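A.B. asks: Please find one structure pasted underneath; my questions will follow.
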Amino acid sequence: MLWLASNLRYRARSPLADAQEGLRLLAERRSVVLITGRSDLARGLTERWLRRHGLDRYLAELCFNRTNLRSAQFKLHTLRERSIPEHIDDDGATALLLARQGIRRVYLRDWPGNRGLPYPQAVVRLLSLPAIAAYLE
């Protein structure tokens, strides 16, 4: 029941105002792989949400958590397994873990809830997805 309640809560949410533009710009610079800690059980809901908001067209791939790992550990595992050297996240604790575990560059979408952690130099904090895309140039 927790899974259902959690996914229904996010289903009605709209993406951030700059999400479509940011993903478009990122897709022009990189192959965008969305790695989510959500269970594969959420695939249908997530794919429909992405399509409804026109975000799916910018993704090269969508990776769901088919393991027993927690979200941040799953992301680390997937990045290492695929030799992906950079990652974008909005969770400060995840960014901190990834950087400390050797991910070369972690772009952290800045917001008040992720400020104040002792981020290493591998973490680059930027205000938006379009700002991250511009940084990649």
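Coordinate-derived values only; no laboratory data. The model shown is predicted, which means the values in this text are computed figures rather than measured ones. All Cβ positions, even for glycine, are placed from backbone atoms using ideal geometry, and neighbour counts span all protein chains on display.
A.B. asks: Take the Cβ-Cβ distance between residue 115 and residue 136 as r, set R0 to 22 Å, and report the resulting FRET efficiency rounded to the nearest 0.05.
C.D. replies: Approximately 0.45, to the nearest 0.05.
A.B. asks: Quick one: net charge of residue 118's neighbours, Cβ under 14 Å, K/R +1, D/E -1?
C.D. replies: It works out to a net charge of +3.
A.B. asks: Whole-Å semi-axes of the chain's equivalent ellipsoid, largest first, each the root of 5 times a Cα gyration tensor eigenvalue?
C.D. replies: Taking √(5λ) for each eigenvalue gives 22, 19, 15 Å, largest first.
A.B. asks: While we're looking at this one, here's another question. Quick check: pseudo-label points 7 Å beyond the Cα along Cα→Cβ at residue 17 and residue 128, how many nm apart are they?
C.D. replies: Once both label points are built, they end up 0.8 nm from each other.
A.B. asks: Report the extension gain between residue 104 and residue 40 in nm, rounded to one decimal, defined as 0.36 nm multiplied by the number of residues separating them, less their alpha carbon distance.
C.D. replies: Contour length minus the Cα-Cα distance gives 20.3 nm.
A.B. asks: Please arrange 62, 23 by how many other C-beta atoms lie within 10 Å of their C-beta, fewest to most.
C.D. replies: The most exposed by this proxy come first: 62, 23.
A.B. asks: Going by amide H atoms built from the backbone, whose H comes under 5 Å of the H on residue 90, apart from near neighbours?
C.D. replies: 109
A.B. asks: Along the stretch 35-44, what does the Karplus equation 6.51 cos²θ - 1.76 cosθ + 1.60 (θ = phi - 60°) give for ³J(HN,Hα), rounded to whole Hz, x for Gly and Pro?
C.D. replies: 3J(HN,Hα) across the stretch 35-44, in whole Hz: 10, 10, x, 5, 5, 4, 4, 8, 3, x.
A.B. asks: Given an 8 Å cut-off on Cα distances and at least 6 residues of separation, report the relative contact order of the chain as a percent.
C.D. replies: In percent, rounded to a whole number, it is 25.
A.B. asks: Where does the charge balance sit around residue 93 when Lys and Arg score +1, Asp and Glu -1, over other residues with C-beta under 15 Å from its C-beta?
C.D. replies: +2
A.B. asks: How would you rank 101-109, 114-122, highest first, on the average number of other Cβ atoms within 10 Å across their residues?
C.D. replies: So the peptides 101-109, 114-122, ranked by packing, come out 101-109, 114-122.
A.B. asks: Please turn the phi angles of the stretch 46-53 into ³J(HN,Hα) values with the Karplus equation 6.51 cos²θ - 1.76 cosθ + 1.60 (θ = phi - 60°), one per residue in order, whole Hz, x for glycine and proline.
C.D. replies: In residue order, the calculated couplings are 5, 4, 5, 4, 4, 5, 4, 9 Hz.
A.B. asks: Which one of 39, 71, 14 has the biggest mean-square fluctuation once the chain is modelled by GNM with Cα springs under 10 Å?
C.D. replies: Of the options given, 14 has the highest mean-square fluctuation.
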